[in-house]
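Remarks on the structure that follows.
Rule-based calculations on the coordinates, nothing more; no lab input. Being a predicted model, the structure only gives us computed values, none of them experimental. With ideal geometry, Cβ positions are generated from the backbone for all residues, glycine too; neighbour counts draw on all protein chains shown.
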Amino acid sequence: MALSRDAYRALGDIVGPGYISEDPAVMDSYAYQWLAETVRPNHSKFMPRPEAALLPASTKEVQAIVRTCNKYKIKFKAYSTGWYFYGAPFSEGVIQMDMRRMDHIVEIDEKNMVAVIEPYVIAGVLQAEVMKRGLNCTVTGAGASCSTLVGATCYHGSGGTSIYTGELRENLLGAEWVMPNGEILRTGSVGSGCGWFCAEGPGPSMRGIVRGALGARGGLGVYTKCAVKLSPWPGPTEFPIEGTVPAYRSPLPKNFRAYTVAFKDWGSLFEAYYRLYDNEICYYAHRQWTMLGADLGPAFWMLYQDPTKSLDDIQEFVRKREVKELTEEMRRSFQLVLVGMSQRDIAYKEKVLDRILEETGGWKVKKWLEPEMEQFSLLYLLRLGRKNLNFVYTGGWVGNFMQSGTPDFVKKYEPIAEDATEEYQEKGLLVDCGSDSMMGCVGSIGGGGQCGLEQFGFYDVADKASTAAAVEWMKHCIQEEARRNIPPGKEGMYLAVGKTHAELQRDLAKQPLTHTWQRKIKQALDPNNLGDRMYPTLDEK
Amino acid sequence: MKVKTSAGLADIIGKQKVIDKAQVLDRYSRDNSFTPSMRPRLVVQPRNADDVQKIVMWANQTRTPLVPVSSGEPHFRGDTVPSVPEAVIVDLHRMNKIIRIDRRNRMVVIEPGVTYTQVQPALAEQGLRLSMPLLPRQSKSVLASLLEREPRLEPKYSYTLPEPLRCLEVVWGNGEIQRTGEAGGYYPTLEQQWKMGLAQVFSGGPGQVDYYRLVSGAQGSMGIATWASVKCEILPGVHRFFLIPSDDLKDLIECAYRLLRVRLGDEFLVLNSVNLAAILSREADGIRALRDKVAPWVLIMGIAGRDLFPEERVDFQEKDTRDIVQQFALKLLPAVSGVRGGQVMSTILNPSSVPYWKLAYKGGCQDIFFMTTLDKIPEFVNTVFAGANALQYPVSDIGTYLQPQHQGTSCHCEFNLPYDPGNKIEVGRVRELLQTCSEALIKQGAYFSRPYGIWADMVYNRDAANKEMIKTVKGIFDPNNVLNPGKLCF
Amino acid sequence: MALEDYRDDCTDCSRCSYCKWIPLDHIKSAKFARACPSIEYCGFQAYSLAGRLSVGLSLLEGRIGYNDNLKDIVWKCQLDGACDVSDKVCRYNIRGLEVMREMRFKLVEDGQTLPQHKPYIDSLRKEKNMMMKPGVNRGKWADGLDVKNLAEDKAAVVFHAGCRYSYDRGLQKTARAAVTLLRNAGVDIGIMGEEESCCGGRAYQWGYRKDLNAFARKNAQAWTDAGVKTVVTPCAECYYTFKRLYPEIGFTFEVVHVSEYIDRLIRKGKIKLRKNVPLTVTYHDPCHLGRLGEPYVPWQGTKQKIYGQIPVWKPSRPRYTGARGVYDAPRNVLKSIPGLTLVEMERIREYAWCCGVGGGVLEAYPEFAAWTASERLAEAKATGAEAIVSACPWCENNFADTVKTQDERIKVYDVIDLIHMAL
């Protein structure tokens, strides 16, 4: 279903000839997405091909595009950095807005710790710019390559530092939103012309419509600017970097400390979470290294330190005695970065950590105390510029579980995650890296109190049988969760992309009120139904 | 839920919960603001969410306006005074159960009638406390305070502006009942959630709307909250208060910025001498005497040690604070002009004594408050003082309260204008001052995020898009406009 | 190899966009965070490594056919390898650069060539150079130079000037200075003069795989006949071709960039720098000397799966990450010049921004080449340097042309020029 020539011309007139395309090769580069293979026929890597791709440069252009879409009844989908299938069209007849030209940091208000950004400002860039001013931003778990605006408005917004720097949902201080009807809403103080410092109000806070626990994932208009709260950074204005590619590391000053702390069992580990919440010492707290599997991960992290080695050498590392010992030592572990605002502060925090470890029977993993390992940890964890190492094994993974809640709640589904995965690993359907390949924030919201564990299953994306097994695993996890009275995890959200309308409606009916409100909101803001099911709604009976 | 249309309210929820005594109705027909009085038709006192839902359904069927009220008197903002005739006051103060205190997750679940006076001692028994607004009146509902987005004393714990409010149970204007945030997720009842170890911690959603934000700041016009979960802090083992006096507000603000930048200080607020005197003294002469004695501006800072090594934490943070304060040629002091930090601490960690602190000086008080950033505050102070001078209102009587919020990204700025309510000239002057200063401040860029009374028109006339959106949302959640009509923009 | 052999690489792309940025750990500013000129200039996703991998897969799956847009996607790229470096920080198994090159081979073999390249390739085949100049004039740059001609003589070291130094009148003095410098330092060096041929590397990068073989054979034979053990070149593209591509075909000589050779000689005390050169300069890492200049490691292997699903190569396949490129030698040389101050740009070494020339972009898309250069010049100027120095005539030529046409105020030098000034 090609666009009418009138529509194509009208859209082209908005952005100019160099910024619109309907060439099939260009369209396929937009259709290609990670995770498409889990929901598309024959495990294709391609989502439906967009009818055209546009590169708008301003809010004005975005608004004009949306208005044109309303005129011609064309569905549209915008993405920023475009990582994974949520950003792609879900059906034929959709135009793709690629927001990469809107890449400005509009303002950094150093004193008030506020940054105003456009969609294509990635976390790594924002962090680099605010570090120059003694500030830091939340880098979401997806890493430094992802758009900060997306974390704040469109999707999740937690990261390893959320316990200190806040979740981006919390940090949102205002948004500029081209709604699907073509109108623009600026939430909070900026809407009143007072500057970007408060997203709430005036009066009842329409910030609540902008996003909830989750954003609209491109299904309800386009966010063209937002303001986010920044946090203290008592470090250098840029990361000093040493080491050879890819094992970069950063020798930060002594008020920065990175630890991998480990525990004898899950109970002690989660107890430590509570103790850390109560004592407010964390700058970064996250299970990160275990994402590559408790059995295989340590070998990979050691291999990674040696630039002459390749993944092909991993078995050699697994066989090393010291790696075997390390694997056992850090089997139940997570990563911490303590940052002192002063020398007194870091000394106090260290003392508190030692006491917490004493109380919970935890320990600091020795290998990670070595200066170069600590420097590696600091750079990796604070910039999160190598997060896509989760693709290193096979090019494909899916993250199941990750239901957020108190540590006591997460503790309940951890064994289910292991059980549900073990069988698939043992049969060789997923990478056999250890049934605990779980990562997640120790504190996914500001101040802690909530955490989650995402169980990674690695499948060979180039092997359709392996991909099929991963999909089976996802379904198996949902069944196991249901059997044990645990809500479906992220795998449920992923698989929903491929469901039929009827299947989806059955799911949505389990929370009828939420999805009825969303229908009413969508009807009001998207009268021509130009968004997609990323903003799910329950049909009117 | 079906409600018999023909039935009167008393038939639906029981006549003991419905009051129509003129004396009672009169009390709800006015408050301490300049809002025109309007006598309600009835006062109804629900005991639980089921009652509330029945009342709202009845109101929809009978097209009766409802005005939710949680706090006891005195009221100040006009939001609880009906704007239209024949309204029914839904007084929630009898819904005052502390449903659950969870030390491990530091959460408390409370009904709307629970006051700070009631909850803090109960929490203290569990080693917890709630962060508070500045000296709430003893009858102030915790839930109402949170929904009104009253600023808290501890900016560093404000990871998002509505903190520490997390989840709600809401009866929307159309009578639907919903639990918000994590509480509206997979497990339908609180009991099931508790059994699974959940504690209504996460405020977002459910789904892609932050419902609790739609209720916040709505002056009861979107929904009626029947319980809320609230994040608590650990009761400090060691807690000290310090004062940083300054003759120059700008110097103090620069210092405040530096301290906020490293998240030093638990309680962290700036009062001018008038307000410092007003919170510490209980009568006019004492206020005047103290006001004239202390520095014009005082930054009040509490440093708390919680859980492990509390003494050490307070010690090092005091030293760190002192190092910073010295850089601004200011002093971190345990006492100023006879005012001791401990005295301030015992005052502001509790609700106000009676009479309410703002009324102690002259018996009446009008407030002007808005949000801004710290750096802009001196300009706003100038505007208000100039406005007062123009109307011959004594600048020396104006109380000022600055409360950094959201970890220092914004600041609540409040001016308190005491007056004698029995003196018509003073009343007229304050009324005019309120009007002219508000207009001038808005023009100057003050953000009236909580637009009570006369501010609503001023604010919504400047932000047509938000006004339109609010009306849209109101149309969805309260399609018959039964909840507090006439307020805000509908 | 054929594109089909890279199907897994195309499928494996995680669409993470790392290929668009310098390694994220190194980002220091919004202004100089980008790695890929192609996506920055062209905008659409297809013009990134990830985009090209998806286009490759689309071709393999028959979803798209050939058209002019596809050619544009395939060739509007310098093949500078920055994307590949950033990608491999996390993705050990993807061969992004190789896929992009393989797409060019496929198109050329299928007769889908880029018209703008045709005259250059025709001329190359006839005149043995990429400058569209008569082959007979190739040795003229060395007229009057007191150096052995290895077409008639023998020497241990051959100085291979490369096409641009041989024909670009503005740059010839640099080549002459280099030869003089080496000879004066006692190196047994010669040149091939008129008999020197193009290395074949540029044609290879443009997609003309077979042409490389022909030139490799010819050059290798000539050097062998002249008793050459070591090939020294001042051209980064030639260096890459000799160092990385020739061994793959089976020709192994010691290959040294002139900056490396000079560095050695300075350290041995055979070159002494006495004159003050009071300049603040910044050094531009040529892609083919830096990240692409890693030595070839012979390897053959097969793919198998371990731990259930991890595809690995047995024996271990060499990883080209950019780590072993030539970065320090030219910097050492610059630092040894009295009075000279070296300041660094934000994007350096393996994550340097390209000058804009490579991959046939200069010839097919001159405006894109100039834009890419101007981005680099802006970065150089941001350091406060008075001059940008490189170690490749193609970079220098493009920088110099851009300075001229865009009225920039920054000088352009080769490392050799500065050494010459310091003697």
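From the Cα gyration tensor of segment B:238-348, with a ≥ b ≥ c the square roots of its eigenvalues, which class applies: rounded if a/c is under 1.5, or else prolate if a/b is larger than b/c, or else oblate?
Here segment B:238-348 falls in the oblate category.
How big is the charge dipole of segment B:364-444 about its Cα centre, in debye rounded to the nearest 20, if each Lys and Arg gets +1 on its Cβ and each Asp and Glu gets -1 on its Cβ?
For this selection, approximately 120 debye.
Can you tell me which lysines have their Cα less than 23 Å from the Cα of residue C:71? Leave out same-chain residues fewer than eight positions away.
Hits, sequence-local ones excluded: A:45, C:20, C:106, C:118, C:210.
Using only alpha-carbon positions, what ratio does the radius of gyration of segment A:5-101 give when scaled by 2.2 N^0.38 Å?
1.04
Among C:309, A:241, C:239, pick out the residue whose Cα is farthest towards the positive end of the charge dipole of the protein assembly as shown, where Lys and Arg carry +1 and Asp and Glu carry -1 on C-beta, about the Cα centre.
A:241
Considering only Cα-Cα distances, which of the following residue pairs are longer than 20 Å: A:427/C:305; B:97/B:156; C:154/C:229; A:254/B:331; A:475/A:520; A:320/A:366?
Pairs exceeding 20 Å: B:97/B:156; A:254/B:331; A:475/A:520.
If Rh is defined by the Kirkwood formula over all Cα pairs and Rg also comes from Cα, what ratio Rg/Rh do you get for segment B:9-91?
0.95
Measuring from centroid to centroid over Cα atoms, what is the spacing of segment C:252-267 and segment A:99-136 in Å?
Taking the Cα centre of each part, segment C:252-267 and segment A:99-136 sit 44 Å apart.
Greater than 25 Å separation of Cα atoms is the criterion. Which listed pairs, B:140/B:358; A:490/B:474; A:464/C:303, meet it?
From B:140/B:358; A:490/B:474; A:464/C:303, over 25 Å: A:490/B:474.
Shielding of C:4-16 by partners, i.e. mean partner chain Cβ atoms within 10 Å per residue?
6
Where the centroid of each part is defined by its Cα atoms, how far is segment A:478-501 from segment C:54-131 in Å?
42
Less than 18 Å apart at the alpha-carbon level, and either on another chain or at least 8 residues along: which lysines does that give for residue A:60?
Output for residue A:60: A:71, A:77, A:225.
Could you tell me how many cubic angstrom of Cα convex hull volume the protein assembly as shown has per residue?
Here the figure is 172 Å³ per residue.
Give the relative contact order (percent, whole number) for segment B:98-234; include only Cα pairs under 8 Å separated by 6+ residues.
Relative contact order for segment B:98-234 comes out at 32 percent.
When only C-alpha pairs under 8 Å and at least 6 residues apart count, what is the relative contact order of segment B:9-91, in percent?
Relative contact order here is 38 percent.
Apply the a/c threshold of 1.5 to the C-alpha gyration tensor of chain A and tell me whether it is rounded, prolate or oblate.
prolate
Only Lys, Arg, Asp and Glu count, each charged at its Cβ (+1, +1, -1, -1), so figure out the dipole size of chain C about its Cα centre, rounded to 20 debye.
It works out to roughly 740 debye.
Would you mind calculating the gained length between residue C:224 and residue C:328 on full extension (0.36 nm times residue separation, minus the Cα-Cα distance), in nm to one decimal?
The residue C:224-residue C:328 span can extend by a further 34.5 nm.
Any aspartates and glutamates with Cα under 15 Å of the residue A:412 Cα? List them, leaving off those in the same chain fewer than 8 positions away.
A:265, A:271, A:436, A:454, A:480, A:481
In percent, how large is the relative contact order of segment A:47-178, given Cα pairs closer than 8 Å and 6 or more residues apart?
Value for segment A:47-178: 19 percent.
Of A:164, A:258, B:253, which is farthest towards the positive pole of the protein assembly as shown's charge dipole, taken about the Cα centre with +1 and -1 on the beta-carbons of Lys, Arg and Asp, Glu respectively?
About the Cα centre, the residue reaching furthest to the positive side is B:253.
Enter the Cα centre distance for the pair segment B:292-319 and segment A:361-439, rounded to the nearest angstrom.
Distance between centres, Cα-based: 40 Å.
Under 1.5 on a/c is rounded, so check that first for segment A:499-541, then, if it is not, pick prolate when a/b is larger than b/c and oblate when it is not; a ≥ b ≥ c are the square roots of the alpha carbon gyration tensor eigenvalues.
Because a/c hits 1.5 or more and a/b fails to exceed b/c, segment A:499-541 counts as oblate.
Could you bin all the Cα-Cα distances of segment B:323-446 into 5 Å bins starting at 0 and give me the percent of pairs in each, rounded to whole numbers?
Here the calculated profile for segment B:323-446 is 2, 9, 16, 17, 19, 17, 12, 6, 1, 0, 0.
Suppose every Lys and Arg Cβ carries +1 and every Asp and Glu Cβ carries -1, with no other charges. What dipole size does segment B:98-234 come out with about its Cα centre, to the nearest 20 debye?
300
State, to one decimal in nm², a quarter of the convex hull surface area for the C-alpha atoms of segment A:256-487, i.e. the direction-averaged projected area.
Reported value for the Cα convex hull: 12.5 nm².
Near the amide H of residue B:160, under 5 Å away, which other amide H atoms are found, from residues 5 or more places off or on another chain, if H is placed in the peptide plane?
The answer is none.
Checking understanding here: applying a Kyte-Doolittle mean of at least -1.0 and a length along the axis of at least 24 Å (C-alpha), which whole DSSP H helices in chain B pass?
B:424-444
Taking each full run of DSSP H in chain C as one helix, which ones are at least 15 Å long along their axis (Cα atoms) and have mean Kyte-Doolittle hydropathy of at least 1.0?
Counting only whole DSSP H runs, the qualifying helices are C:49-60.
How much of the DSSP bridge set in the protein assembly as shown is antiparallel, in percent, rounded to the nearest 5?
Close to 75 percent.
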